[in-house]
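Following: one structure in structure tokens, then a few remarks.
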């Protein structure tokens, strides 16, 4: 009996699109999948944004697929970038499987004009910060050691969104220096909880009651020499 492929339905494309949006499949992996159902030109695979390429391919097979995919994805609550997705994309980048441009496009897909009317709910505060603040701020232009550091942060177990976000904020050297200055001022008794909150809220979106290192900070009051060790802990410096 002749083997035949099961007919491709819109569900196939919905699954692919969700996998890309969540980050569990990279741009190149999506293209490889699409090549299995329809030939793609060099221009398409190099220049066209992933979701648009997916819609184009789906519409080639069945003109009704476009509306079916849009309807399904618009009502889905599982399309936001995930921690698993961030890890997968970073590993692909560090293995030279995707470019920094591809990583940036994935991390910021919800910031595009086409997504202005879409609300993306992140259930992980660290992933939220990575996608909505860190990557747009640096345009994806970080060094390999910095990307390795970010991967280390997201792979640290057990996951802790608050601590992970603090570590991401502290990635730039200037933020480490600000941390030492403001927290050093506090532990030496030169500023109050309310004054500390101004810094914490501005940089981390937390006050002294939610800042995850307040216990450690209280333990080194009037001992500024111990603050660099707390910084290393908060920055989650890799062991290498």
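Quick check, is residue 219 surrounded by fewer than 13 Cβ atoms within 10 Å (Cβ to Cβ) and farther than 27 Å from residue 100 by Cβ? Criteria met by residue 219.
Determine if the stretch 174-195 includes at least one residue that is under 30 Å from residue 92 (Cα atoms) and in contact (Cβ under 8 Å) with a residue 12 or more places away in the chain. Scanning the stretch 174-195, I find at least one residue that is under 30 Å from residue 92 (Cα atoms) and in contact (Cβ under 8 Å) with a residue 12 or more places away in the chain, so the answer is yes. Go through the residues of the stretch 149-161 one by one and say whether even a single one is within 18 Å of residue 228 (Cβ to Cβ) and surrounded by 13 or more Cβ atoms within 10 Å (Cβ to Cβ). Yes, the stretch 149-161 contains at least one residue that is within 18 Å of residue 228 (Cβ to Cβ) and surrounded by 13 or more Cβ atoms within 10 Å (Cβ to Cβ).
Please state which one of 151, 142 is over 22 Å from residue 206 (Cβ atoms), in contact (Cβ under 8 Å) with a residue 60 or more places away in the chain and assigned by TED's automatic domain parsing to the domain that holds residue 104. Answer to the selection: 151.
Would the stretch 56-69 turn up any residue that is closer than 21 Å to residue 97 by Cα and under 27 Å from the mean Cα position of the chain (by Cα)? No.
The condition of being loosely packed, with under 15 Cβ neighbours inside 10 Å, under 25 Å from residue 128 (Cβ atoms) and modelled with pLDDT under 95 holds for residue 141.
Quick grid of which residues meet (1) assigned by TED's automatic domain parsing to the domain that holds residue 105; (2) part of a helix (DSSP H, G or I); (3) surrounded by 20 or more Cβ atoms within 10 Å (Cβ to Cβ):
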residue: 53; (1), (2), (3): no, yes, no
residue: 59; (1), (2), (3): no, yes, no
residue: 63; (1), (2), (3): no, no, no
residue: 68; (1), (2), (3): no, yes, no
residue: 73; (1), (2), (3): no, yes, no
residue: 84; (1), (2), (3): yes, yes, no
residue: 89; (1), (2), (3): yes, yes, yes
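Checked against (1) assigned by TED's automatic domain parsing to the domain that holds residue 135; (2) not in a helix (DSSP H, G or I), residue 206 passes all but condition (1).
The values are calculated or read from the model by the stated rules, or taken from the named source; none is laboratory data. Every value quoted in this text rests on a predicted model; they were computed, and no experiment measured them. Positions of Cβ are backbone-derived with ideal geometry, glycine not excepted, and every protein chain shown enters the neighbour counts.
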